[in-house]
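The structure under discussion appears below in the form of structure tokens.
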Amino acid sequence: MSLKGKYALITGSSRGIGRAIALKLAECGAKIGVHYYKNIDAANDTLAKVRERRSDGFIVQADVNRTDDIRGMMDHVKSEFGKLDIFVSNARPEIPEFYKPPMEIRVEQWQQAINSQATAFLLGAQLAAPLMGRGGRIIAITHSPGARSGSWQPWVGMGSAKAAMESLVRYFAVALARRGITVNSLSPGVIFGAANLVDGGVLVGLPPEVQQAIKSWHEIGWCPSRRTGTPQDVANATMLICMEESNWMTGQIFYVDGGASIMDPVFPLEIQGAA
């Protein structure tokens, strides 16, 4: 499978899921725009690894909470690449910036979640589409549990923001279908990497005992695959959506969660036959 001659921008690609996506697309031949917010060293390291994979690209700084920054980022892409084939909206804030239950979350924390996800995707897609020809790919990285349940109380800001992204995916899919641009969402389940913010997902910001409890829950059968995910799992799925052969798939939410989203929470695992 090849993406040679394609140009991709992945927000939040200095670390975690975004980095894994950048490196996977680079392996397939795409040139990569590496976006970062604060950690320029991590961004440069990602770009170095892109070049190790015989591809190339550039780094670009932007705060996706600021519309002017998003516009500047897309102007930079146009200046460097002249066009864009793949736009992956992945950047997110750290857990302390939004992690509060409904009765405690401050308006500022709510806005941080909504602006960094739904608003950033809205504007990013609006600006990316004019740079794309037929075969363009716009992908939102969401989160399967947070967009359809209310049980994870401190996730209310991010869960609501991810749900809004998934709704926008459907609207943009209709708006851009005649131009041959597909718009989809990848909705990961629980993603862990190494215990640091470069290689892991957002959940590595949780206390170690919470991380271990989540992993154990998956391993006993609440995830049919008996494990939590890795950034590479999401990167592999992204690569598949970016291929020419996927041009008939648009407006969809693809769950990348080892089957966790199909489990029934009402019945014990023993009754479901999944223990």
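Backbone amide hydrogens, once placed in the peptide plane, bring residue 57 within less than 5 Å of 32, excluding anything fewer than 5 places away on its chain. From helices alone, the chain scores -11500 deg cm²/dmol at 222 nm; the rule is -39500 (n - 2.57) for each run of n ≥ 4 DSSP H residues, then divide by the residue total.
Normalised by the number of residues in the chain, the mean separation of alpha-carbon contacts (under 8 Å, six or more apart) gives a relative contact order of 19 percent.
Between the range 66-91 and the range 12-56, how many Å separate their Cα centres? Spelled out, the Cα-based centre of one part sits 15 Å from the other. Rg and Dmax of the chain, both derived from C-alpha coordinates alone, stand at 18.0, 58 Å.
Taking the chain as a Gaussian network of alpha-carbon nodes connected by springs under 10 Å, the highest mean-square fluctuation of the residues 13, 185, 79 belongs to 79. Taking Cα centre as origin and charging only the Cβ of basic (Lys, Arg, +1) and acidic (Asp, Glu, -1) residues, the dipole magnitude of the range 7-260 rounds to 500 debye. The loop-placed trypsin sites (Lys or Arg not before Pro) in the range 76-118, going by DSSP, include none that has at most 10 neighbouring Cβ atoms within 10 Å of its Cβ. Listed values for the range 82-88 are Karplus-derived 3J(HN,Hα) couplings in whole Hz (6.51 cos²θ - 1.76 cosθ + 1.60, θ = phi - 60°), namely x, 7, 8, 10, 9, 10, 10, and x replaces Gly and Pro. Each peptide in 65-76, 17-28, 222-233 was scored by the mean count of other Cβ atoms within 10 Å over its residues; highest first, the order is 17-28, 222-233, 65-76. Close amide H partners of residue 187, meaning residues 5 or more places away or on another chain with modelled amide H under 5 Å apart, are 142, 254, 255, 256.
FYI, it's all coordinate maths here, none of it is from the lab. All figures in this text were calculated on a predicted structure; none of them were measured in a lab. Neighbour counts are summed over all protein chains in view; Cβ atoms, including those assigned to glycine, are modelled from backbone coordinates with ideal geometry.
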